[in-house]
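All remarks here apply to the structure that follows.
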Amino acid sequence: MGRNKTIEIVARIGVFGTFLGHGIAALFVNSNWIPLLTCYGFSVDNAKGLMPLIGMLDIVVAFIILIYPIRIVLIWAVFWTFMTALSRPISGSEWIEFVERSANWCLPLILLYLQGFPKSFPSLFKIKA
């Protein structure tokens, strides 16, 4: 197995763990995360209602990236984890909270790099062989 393949497998496991763990926590409506949604304009009730849906989506993303890391899902993972990390300082936490979560968005970014950044719309739905 080549070095890049080993890095890819480790990164896929890391992204899987991140999304699975956060997905399970969101399914049970982690009350600590409500401000992370309300800082983007959602009401508390909307945040509580959205959290289980976000949790289910996170779990789906976790398994897709573990089994078949499609570029469009990797792009979503980078965007989502970056925005959730950014929600910490936006919601009033210290900036270090964003920095501390840099691995959450860097791992899917590494996978996207290894897959090759998409150059066309159809390539969003492919994985590198």
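Some observations on this one:
- Selection within region 1-11 - under 16 Å from Ile70 (Cα atoms) and surrounded by fewer than 11 Cβ atoms within 10 Å (Cβ to Cβ): Lys5
- Thr81 in contact with a Lys or Arg (Cβ under 8 Å, 6 or more places away or on another chain), closer than 30 Å to Pro122 by Cα and part of a helix (DSSP H, G or I): yes
- Residue match in region 62-80 (condition: modelled with pLDDT under 95, of a type in the set (D, E, K, R) and within 20 Å of Ile24 (Cα to Cα)): no
- Pairs meeting the criteria (first residue in region 1-30 and over 21 Å from Leu112 (Cβ atoms), second residue open to solvent by 70 Å² or more (accessible area, probe 1.4 Å) and among the charged types (D, E, K, R), beta carbons under 8 Å, at least 6 apart or on different chains) are Val29/Lys48.
- Filter result for Arg88 (crowded, with 19+ Cβ neighbours inside 10 Å, under 24 Å from Phe125 (Cβ atoms) and in contact (Cβ under 8 Å) with a residue 40 or more places away in the chain): no
- Verdict on Leu36 being closer than 21 Å to Lys5 by Cβ and in a helix (DSSP H, G or I): no
- Residue, modelled with the lowest pLDDT, within region 93-129, restricted to residues that are open to solvent by 80 Å² or more (accessible area, probe 1.4 Å) and charged (D, E, K, R): Lys128
- When each of Gly49, Gly21, Gly41, Gly14 is tested for being surrounded by 18 or more Cβ atoms within 10 Å (Cβ to Cβ) and out of contact with any Ser or Thr (no Cβ under 8 Å at 6 or more places or on another chain), the lone residue that passes is Gly14.
- Filtered residues of region 60-85 (kept if surrounded by fewer than 19 Cβ atoms within 10 Å (Cβ to Cβ) and either over 22 Å from Phe98 (Cβ atoms) or in contact with a Cys (Cβ under 8 Å, 6 or more places away or on another chain) (or both)): Val60, Phe63, Leu66, Ile67, Tyr68, Ile70, Ile72
The values are calculated or read from the model by the stated rules, or taken from the named source; none is laboratory data. Note that the structure is a prediction, hence the values are computed from the model and not measured. Every residue, glycine among them, receives a Cβ derived from its backbone with ideal geometry; neighbour counts consider all protein chains shown. When the accessible area is computed, the model is the full protein with side chains, heavy atoms only, and any ligands, DNA or RNA have been set aside. Shrake-Rupley method; radii C 1.70, N 1.55, O 1.52, S 1.80 Å.
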